[in-house]
């Protein structure tokens with residue numbers, strides 16, 4: 001009995017099964033590939049849709065941001081415009097307020113000027129009235145003074161006439177007394193002058209004796225020394241009334257007076273003569289003392 005046909009059938013069935021399994025695997029692979037491709041396609045499409053969505057969202061966000069920026073810019077412009085409008089309105093109000101103040105100040109200055117003119121006019125009027133009153137009072141005063149002066153002159157005239165009468169009477173009486181006393185006065189005066197001359201001569205001689213004239217003094221030199229005496233003839237002071245121009249000459253003259261003092265003869269004179277002779281000048285020249 002032959003087994004070959006069975007083996008052949010067995011190989012054919014196995015091959016068929018293998019081929020079927022291979023075909024199944026191929027189909028499965030193809031299906032898997034198709035599914036993979038479909039999944040990849042789907043993922044690609046999903047990725048594309050996501051990218052498009054993201055792009056759209058980004059575009060939307062960009063557009064929103066642009067609108068926000070534009071809105072913000074528009075808002076800033078509106079605010080800037082409103083600020084300019086407010087600043088312009090404030091500037092306008094300030095200008096109007098300044099103009100109003102200027103008008104009020106000008107009006108105030110005009111009122112003050114008017115008031116000042118009114119005050120000056122009133123003051124000028126008061127001064128004119130006061131001046132007129134002063135003139136009237138001055139005229140009245142001059143008239144009173146003129147009347148008083150006339151009255152005084154009349155009274156003075158009467159007094160002068162009375163004085164003239166009394167003076168004439170007194171002159172007559174004085175003439176009589178003068179005639180009676182002239183002789184006595186002349187005698188007394190002559191006696192007093194003689195006493196004074198005698199005292200001065202005594203002083204001059206004493207000073208001449210005490211004077212040491214400096215060597216080299218010329219006859220042209222001259223010095224006047226003022227002498228002051230006390231009540232008893234003591235020397236109080238000497239001074240140069242007129243210098244010779246030479247200090248040694250002037251000093252010698254004063255020393256001569258100092259050495260010759262005191263002059264007690266002054267006590268022998270009458271009181272009136274003593275008062276007169278307590279101060280006098282002596283003129284020193286090399287020739288004499290006077």
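None of the figures in this text is laboratory data; all of them are computed from the coordinates on show. Being a predicted model, the structure only gives us computed values, none of them experimental. Backbone-built Cβ (ideal geometry, glycine too); neighbour counts: all protein chains shown.
With each label modelled as a point 7 angstrom along the Cα→C-beta vector, the residue 276-residue 235 pair spans 2.5 nm.
Spin-label model, residue 67 to residue 44: label points 7 Å out along the Cα-to-beta-carbon direction sit 3.6 nm apart.
Based on C-alpha pairs under 8 angstrom that are at least 6 apart in sequence, the range 186-284 has a relative contact order of 36 percent. Taking label positions 7 Å along the Cα-Cβ direction at both residue 76 and residue 212, the computed distance is 12.3 nm, reported to one decimal. Stretched out straight at 0.36 nm per residue, the stretch from residue 103 to residue 121 would grow longer than its current Cα-Cα span by 3.8 nm.
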